[in-house]
Amino acid sequence: MTKTRNEAAAAPAMSDAKKLALHGARVGRLLDDHFDVPTGRYEAGWSDAKIAEETGLSAQFVAEIREAHCGPLRGDPEVDALKSEVATIKAMLNEVEARLAKAETRLAS
């Protein structure tokens, strides 16, 4: 017998543990295929959220599985270096803008 849309919507949500039992192998394959353990990063376009979407698990649960089996997410060293450089340049720019404002104030007097 086919369930109607309302009957399907009224069905209780499946727990993450039950979903893991049904989709655990797929989560493992997706992690193997798209997560690089040595760098601690997903390949472009992949994330805990993307695996959650593919498997029907919550992103939080996928993150717990990934951390237990593959380790934590780590930042990209190049991106981290660029962020640091941007912060340094912004601080320098703020200093220059403050000096410029003082000079303009002295000129206006």
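Only residues that are closer than 20 Å to R74 by Cβ and either assigned by TED's automatic domain parsing to the domain that holds D80 or more than 15 Å from the chain's Cα centre (by Cα) (or both) were counted across the stretch 29-56, and they come to 5.
What do you reckon, is D36 exposed (fewer than 14 other Cβ atoms within 10 Å of the Cβ) and modelled with pLDDT of 90 or more? In short, yes.
Taking the criterion of being without any contact (Cβ under 8 Å) to a residue 12 or more places away in the chain and not in a helix (DSSP H, G or I), the only residue of the stretch 76-109 that qualifies is S109.
Just so you know, in the stretch 47-71 the residues that are in a loop (DSSP other than H, G, I, E, B) and touching a Lys or Arg at 6+ places or on another chain (Cβ under 8 Å) include one that is surrounded by the most Cβ atoms within 10 Å (Cβ to Cβ), and it is L57.
The values are calculated or read from the model by the stated rules, or taken from the named source; none is laboratory data. Keep in mind that what you see is a predicted model, and the values were worked out from it rather than measured. All Cβ positions, glycine included, derive from the backbone under ideal geometry; neighbour counts span all protein chains shown.
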